[in-house]
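I have placed the structure first, in the form of structure tokens, so that the comments after it can refer back to it.
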């Protein structure tokens, strides 16, 4: 596909607007010979003369007049679109589209959200909860949140949390009926509620710390969900023992609807990172959001 001669078109339209090659050169910040060469190159490319040049003035040919009439508005639209895009990248207004799991929202975003909205009333957040891995650039998101910083080379990762504690949990009714496990191998005798990773389709291993060593276990699952909220709900309903980040079950643990078990064997998992394509570093709305999450992270560590 032939590339349009945008620069040469700019020179031609400037000559027409300013009325002479010399005036156009002054506006464009180049020498008059450079303007003349650009005009000649454009005419040769199009195979037609665009201007009739005399010692006193220039006049449009029929071809030149048609080019001004048809290309002029399109060029102005292009310049206006570039201006608006530049202003958007530098503006603290607009919509920021984010992708994350419910756990990431609860652990990282929810604590920072009131302050962010208070300080940035012109920024709307469009948040999609998704527990699978998402190509954020292809899906139109500005950024995403995920555990760990193993990303594609063209992504930027910003740490926004500490290691995330996990917990094994069950309802008081379940523990009353079936008893409490005292060590990880006791899970083999219990009903276990498992989580299937939406992207890979694999059951997520349960990780325990035993004698200072991390061990992955694969207990039998009486129930399997592809959303953590399902694991928590089933555990609340007394259907077995679940495992997830503490933050996802926090409200149910605090209310007493769930109780932790195997506390001495729980494992911390990697922290959350906000990640985004390198080209989004100049998006002002995203920069402000990153700064807010980092400030919230520092404040939580200070306390």
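FYI, it's all coordinate maths here, none of it is from the lab. Treat the numbers as computed from the prediction; the structure is a model and nothing was measured. A quick note on method: Cβ atoms are made from the backbone with ideal geometry, for glycine too, and the neighbour counts reach across all protein chains shown.
Each of the peptides 291-301, 96-106 was scored by the mean count of other Cβ atoms within 10 Å over its residues; in descending order, highest first, they stand as 96-106, 291-301. Shape call for segment 141-206 from the C-alpha gyration tensor, a ≥ b ≥ c root eigenvalues: rounded (a/c under 1.5), prolate (a/b greater than b/c) or oblate? Because a/c hits 1.5 or more and a/b exceeds b/c, segment 141-206 counts as prolate.
Under 1.5 on a/c is rounded, so check that first for segment 166-265, then, if it is not, pick prolate when a/b is larger than b/c and oblate when it is not; a ≥ b ≥ c are the square roots of the alpha carbon gyration tensor eigenvalues. Rounded, since a/c falls under 1.5. Rounding to the nearest 10 and keeping the result within 0 to 90°, find how far the Cα-based axis of helix 246-255 lies from the longest principal axis of the chain. So the helix axis and the longest Cα principal axis differ by about 50 degrees. Which of the three applies to the chain, rounded, prolate or oblate, going by the alpha-carbon gyration tensor with a ≥ b ≥ c and a/c under 1.5 meaning rounded? Because a/c hits 1.5 or more and a/b exceeds b/c, the chain counts as prolate.
Can you tell me the 0 to 90 degree angle between the C-alpha axis of helix 62-90 and the longest principal axis of the chain, rounded to 10? The answer is roughly 30 degrees. Among 289, 178, sorting on how many other beta-carbon atoms sit within 10 Å of each Cβ, with the fewest leading, yields 178, 289. Helix 6-18 and the longest principal axis of the C-alpha atoms of the chain enclose an angle of approximately 50°. Taking 1.306 mPa s as the viscosity and 10 °C as the temperature, the Stokes-Einstein diffusion coefficient of segment 222-303 based on its alpha-carbon Kirkwood radius rounds to 100 µm²/s.
Over the chain, dividing the summed -39,500 (n - 2.57) contributions of all DSSP H runs of at least 4 residues by the number of residues returns a 222 nm mean residue ellipticity of -13000 deg cm²/dmol.
Note on residue 128 and residue 226: the model spin-label points, each 7 Å out from Cα along the C-beta direction, lie 1.6 nm apart.
Going by neighbour counts of Cβ atoms within 10 Å, the residues 7, 142 line up, fewest first, as 7, 142.
Please report the base-10 log of the normalised intensity I(q)/I(0) for segment 57-213, using a Debye sum with one equal scatterer per alpha carbon and no solvent, at each q in 0.10 (1/Å). Results for segment 57-213 at q = 0.10 Å⁻¹ read -0.65.
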